[in-house]
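Remarks on the structure that follows.
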Amino acid sequence: MRRLVETLAPGLFLLALLLAWEVGVRLGGVPSFILPPPSMIGHTLMADWPILWPALVFTCGVTACALLISAVLGLALALVMASSRWMERMLYPVAVVLQVTPVVAIAPLIIIWVQDTRLSLLICAWLVAFFPVVANATAGLRAVEPNLVSLFALYGASRWQSLIWLRLPSALPYYLAGLRIAGGLALIGAVVAEFVAGTGGTRSGLAFVIVESGYRLEMSRMFAALFLISLAGILIHALTSRLTRLLLRHWHDTAAGS
Amino acid sequence: MNAAAKRPLIRLDGIGKTYPNGYRALSTVSLTIPAQPQFISLLGPSGCGKSTLLRIIAGLEKPSTGLIDWPTSDYDAIGNPMPTVGFVFQEPTLMPWASVFENVYLPFRIAKKPRKAVADTIMDALSMVNLQDFAQAYPRELSGGMKMRVSIARALATRPQVLLMDEPFAALDEITRHRLNDDLLTLWQSARTTVIFVTHSVYESVYLSDRIVTMAARPGRIVSDIAIDAPYPRGAAFRDTAAYHAACRQVSLSLAEIATPGDEP
């Protein structure tokens with residue numbers, strides 16, 4: 001019984017919030033172009049589905065591609081940097097510069113330079129998602145238990161053997177933590193870039209729908225798009241957390257924590 | 001007896017180790033480990049270089065001065081000895097992502113031996129430490145003592161010429177420690193391999209060893225080489241014998257001799 005309440009509590013609370021919102025808006029007489037009630041947003045969500053669905057697919061596609069490319073290139077760069085201090089000294093500052101420069105500031109440039117909308121958005125999303133993967137994977141590749149390194153040396157393991165059987169598995173929890181962060185950031189990067197492109201009139205995904213609805217004061221469509229962006233974020237988080245638990249299920253519980 | 005049989009297993013000749021920062025871990029250590037299996041403890045206070053000496057024997061560190069010779073081992077193409085050693089660290093040092101079987105398989109895997117070819121060897125090693133039923137378990141499912149047994153099984157599975165143990169039970173509780181001490185002696189009796197066991201416990205070293213090499217710090221050096229003549233197998237009752245107490249006293253005295261008043265913290 002207690003467990004049941006604990007499981008249901010977050011959902012019930014959310015439901016109560018929505019109810020309060022609905023009742024508050026209706027009783028308070030708030031005009032729907034300022035704050036539409038949840039029921040209206042739900043209705044718009046279904047009515048505007050032909051517009052929203054392609055936008056959702058577009059934004060999720062850009063985000064997923066950016067995450068995937070970050071995952072592959074991030075690990076590759078981490079391997080290069082972890083293999084030599086010299087490489088790290090050279091490459092790390094570049095990665096940091098890319099990270100600390102706000103994507104909003106670079107996005108206009110990239111959108112001007114790259115003609116293809118999808119590609120320009122992808123580059124922006126990748127720019128923000130890339131760094132946490134590189135930083136975490138590099139830290140992970142270095143965080144090998146010294147005694148295990150000694151053990152591999154004792155049995156005469158080659159560099160390749162140590163990499164495949166020791167350093168990569170040791171880095172896995174760090175790498176996955178990087179991916180979880182990168183997943184959220186890739187979505188943020190995609191949305192921010194869509195905003196920048198959208199203010200210039202370029203049609204793209206969910207963030208463009210928000211910009212457009214804002215211009216037209218179609219608040220309920222704006223909220224519907226917003227809801228879908230949150231949903232995409234939750235989905236990405238759930239997927240990366242699930243992947244982490246799956247891959248780290250044999251490790252200590254702390255390593256597999258989401 | 002022919003000449004080959006009389007050759008020692010290991011000969012350490014004037015081994016010294018000075019680290020790049022100037023710290024002198026070992027001055028000049030000479031020690032001969034005979035071919036017939038012994039249970040040797042390296043006993044001394046922290047900082048006496050006993051772990052360093054063990055790592056030098058394992059080939060994990062190079063000595064700054066002196067020679068280490070393995071007269072009976074194989075040599076590689078450029079004339080370096082290639083002894084087979086097993087090493088047990090203070091921590092179990094298991095790979096958390098691999099099952100118990102895969103952990104013990106590691107040395108064979110590095111040597112490119114197929115899993116099938118050595119499966120029986122691995123299961124035998126696990127049986128020796130009574131963990132044959134846990135081959136598919138993962139380290140997180142095991143207790144501290146069980147993890148240590150896996151570590152010992154891994155070290156013994158390759159049938160090493162010498163088993164090197166660096167304070168392996170220091171992190172365990174005393175009950176587990178006593179049980180593992182007994183198990184280790186049983187293993188040593190059946191495996192008939194030389195054990196070099198680093199410890200800072202007088203009682204543990206006397207209980208286990210037939211030879212105790214005591215060491216002193218600043219700089220690390222050998223102080224005495226004491227034989228413990230009590231026969232094996234030794235049970236818990238050995239701890240109540242006069243021979244045990246006499247040996248403990250003798251070893252303690254040899255450590256006390258070198259401890260000057262200002263030495264203790």
Original post:
When you look at A:A197, is it among the aliphatic types (A, V, I, L, M), touching a residue at least 12 places away in the same chain (Cβ under 8 Å), in a helix (DSSP H, G or I) and away from every other protein chain (no Cβ under 14 Å), yes or no?
Top reply: yes
Subject >> Candidates B:R154, B:R211, B:R218, B:R149, filtered to the one that is more than 14 Å from chain A (Cβ to nearest Cβ), surrounded by 22 or more Cβ atoms within 10 Å (Cβ to Cβ) and among the charged types (D, E, K, R) >> reply: B:R149
Original post:
Considering only residues of the stretch A:153-165 that are surrounded by 14 or more Cβ atoms within 10 Å (Cβ to Cβ) and within 36 Å of the chain's Cα centre (by Cα), which is farthest from the other protein chains (Cβ to nearest Cβ)?
Top reply: A:L163
Original post:
Restricting to the stretch B:162-188, what's the tally of residues that are part of a helix (DSSP H, G or I) and either within 14 Å of B:I152 (Cβ to Cβ) or touching a His at 6+ places or on another chain (Cβ under 6 Å) (or both)?
Top reply: 12
**OP:** Consider B:T93 carefully, then state whether it is among the hydroxyl-bearing types (S, T, Y), in contact with a strand residue (DSSP E or B) (Cβ under 8 Å, 6 or more places away or on another chain), in contact (Cβ under 8 Å) with a residue 12 or more places away in the chain and facing another protein chain (nearest Cβ under 9 Å).
**Re:** no
Subject >> Members of the stretch B:172-188 that are more than 14 Å from B:A236 (Cβ to Cβ) and surrounded by fewer than 13 Cβ atoms within 10 Å (Cβ to Cβ) >> reply: B:D173
Original post:
Got a number for residues in the stretch A:137-189 being among the acidic types (D, E) and touching a helix residue (DSSP H, G or I) at 6+ places or on another chain (Cβ under 6 Å)?
Top reply: 0
Original post:
Are there any strands (runs of 3 or more DSSP E) wholly within the stretch B:22-80 with 2 or more residues that are β-branched (V, I, T) and within 14 Å of another protein chain (Cβ to nearest Cβ), and if so which?
Top reply: none
Original post:
When the stretch A:1-31 is examined, which residues are found to be within 21 Å of A:L228 (Cβ to Cβ) and surrounded by fewer than 14 Cβ atoms within 10 Å (Cβ to Cβ)?
Top reply: A:P10, A:G11, A:L14, A:L15, A:L17
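Results for (1) within 14 Å of another protein chain (Cβ to nearest Cβ); (2) part of a helix (DSSP H, G or I); (3) crowded, with 24+ Cβ neighbours inside 10 Å, shown as yes or no for each residue.
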position	(1), (2), (3)
A:L119	no, yes, no
A:T138	no, yes, yes
A:N147	yes, yes, no
A:L151	yes, yes, yes
A:R167	yes, yes, no
A:A171	yes, yes, yes
A:Y174	yes, yes, no
**OP:** Could you tell me whether the stretch A:58-67 includes any residue that is of a type outside the set (S, T, Y) and either under 22 Å from A:L141 (Cα atoms) or over 18 Å from the mean Cα position of the chain (by Cα) (or both)?
**Re:** yes
Subject >> Criterion violated by A:L68 - all others in (1) modelled with pLDDT of 95 or more; (2) surrounded by 17 or more Cβ atoms within 10 Å (Cβ to Cβ) satisfied >> reply: (2)
Subject >> Odd one out for B:I122, checked against (1) without any contact (Cβ under 8 Å) to a residue 40 or more places away in the chain; (2) of a type outside the set (D, E, K, R); (3) more than 24 Å from B:W188 (Cα to Cα); (4) more than 9 Å from chain A (Cβ to nearest Cβ) >> reply: (3)
Original post:
Tell me, which residue of the stretch B:96-119 that is among the small types (G, A, S) and more than 9 Å from chain A (Cβ to nearest Cβ) is farthest from A:R249 (Cα to Cα)?
Top reply: B:A117
Subject >> Subset of the stretch B:90-123 (residues that are surrounded by 14 or more Cβ atoms within 10 Å (Cβ to Cβ) and among the acidic types (D, E)) >> reply: B:E91, B:E102
**OP:** Confirm whether B:T199 is at pLDDT 90 or above and surrounded by fewer than 22 Cβ atoms within 10 Å (Cβ to Cβ).
**Re:** no
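The values are calculated or read from the model by the stated rules, or taken from the named source; none is laboratory data. Computed from a predicted model, the values in this text were never measured in an experiment. Every residue, glycine among them, receives a Cβ derived from its backbone with ideal geometry; neighbour counts consider all protein chains shown.
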